């Protein structure tokens with residue numbers, strides 16, 4: 001079949017870079033932190049995912065050294081908060097680059113964490129409290145620094161709205177999570193109509 005091939009270093013020759021659309025939709029890393037002075041920060045990261053079962057590890061990547069990265073380096077902790085359809089507009093407001101308290105800017109109440117000092121989004125139906133295990137500057141295949149930073153955190157506390165537990169099983173679709181897709185404005189949700197089941201081969 002005909003295919004479009006390109007070397008990223010030479011450009012993609014398309015109206016919009018397809019990379020973010022291909023690796024999509026991506027979970028949103030809605031990250032809460034404190035700086036050394038105890039000031040709150042909340043920011044969404046579209047490069048985020050779960051990395052390991054035991055211990056549970058999650059990670060997010062920041063394009064550039066931003067307030068969140070400085071905070072996790074200083075305090076070695078953060079929270080991840082589930083971004084849902086009902087919180088989408090407020091989540092978007094926290095993507096501001098201005099030096100402000102994003103909780104206040106977005107009209108979000110900060111919840112108290114139990115294992116870390118980093119604040120959580122009280123309205124989020126799920127929160128992970130995390131301690132930083134690694135902070136890694138990403139490099140090219142040639143060994144050059146990209147200026148992007150990857151933070152890995154061990155999940156040391158989990159908050160789940162009990163309404164999302166059906167017979168003790170977490171119901172992913174019931175939470176109405178939102179995910180980032182390609183392009184400057186595209187997001188996706190999920191619902192039960194898109195579910196299918198498969199068992200792994202033995």
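Computed values, structure above
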{"read-out": "Test: residue 147 is loosely packed, with under 15 Cβ neighbours inside 10 Å, touching a residue at least 24 places away in the same chain (Cβ under 8 Å) and touching a helix residue (DSSP H, G or I) at 6+ places or on another chain (Cβ under 9 Å)", "value": "no"}
{"read-out": "Count - residues of the range 1-48 that are loosely packed, with under 13 Cβ neighbours inside 10 Å and in contact with a strand residue (DSSP E or B) (Cβ under 6 Å, 6 or more places away or on another chain)", "value": "0"}
{"read-out": "Scope the range 107-130; condition part of a loop (DSSP other than H, G, I, E, B) and in contact (Cβ under 8 Å) with a residue 60 or more places away in the chain; matching residues", "value": "108, 117, 118, 119, 124"}
{"read-out": "Residue in the range 130-143 that is within 16 Å of the chain's Cα centre (by Cα), surrounded by 12 or more Cβ atoms within 10 Å (Cβ to Cβ) and farther than 18 Å from residue 71 by Cβ present", "value": "no"}
{"read-out": "Checking residue 185 against (1) in contact with a strand residue (DSSP E or B) (Cβ under 8 Å, 6 or more places away or on another chain); (2) closer than 21 Å to residue 62 by Cα; (3) modelled with pLDDT under 95, the condition it does not meet", "value": "(1)"}
{"read-out": "Residue within the range 115-127 that is modelled with pLDDT of 95 or more, more than 22 Å from residue 40 (Cβ to Cβ) and in contact with a strand residue (DSSP E or B) (Cβ under 6 Å, 6 or more places away or on another chain) present", "value": "no"}
{"read-out": "The range 91-122: number of residues that are under 16 Å from the mean Cα position of the chain (by Cα) and surrounded by fewer than 19 Cβ atoms within 10 Å (Cβ to Cβ)", "value": "4"}
{"read-out": "All positions within the range 188-202 that are out of contact with any strand residue (DSSP E or B) (no Cβ under 7 Å at 6 or more places or on another chain) and under 20 Å from residue 26 (Cα atoms)", "value": "191, 192, 193, 194, 195, 196"}
{"read-out": "Residue list for the range 58-90, restricted to those being crowded, with 21+ Cβ neighbours inside 10 Å and either under 17 Å from residue 35 (Cβ atoms) or free of Cβ contacts under 8 Å to residues at least 12 places away in the same chain (or both)", "value": "62, 68, 69, 71, 72, 77, 78, 79"}
{"read-out": "Residue selected from the range 187-202 under the condition assigned to a loop (DSSP other than H, G, I, E, B) and touching a residue at least 12 places away in the same chain (Cβ under 8 Å), by the criterion farthest from residue 89 (Cα to Cα)", "value": "195"}
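The values are calculated or read from the model by the stated rules, or taken from the named source; none is laboratory data. Treat the numbers as computed from the prediction; the structure is a model and nothing was measured. Note that we place each Cβ from the backbone using ideal geometry, even for glycine, and neighbour counts take in every protein chain shown.
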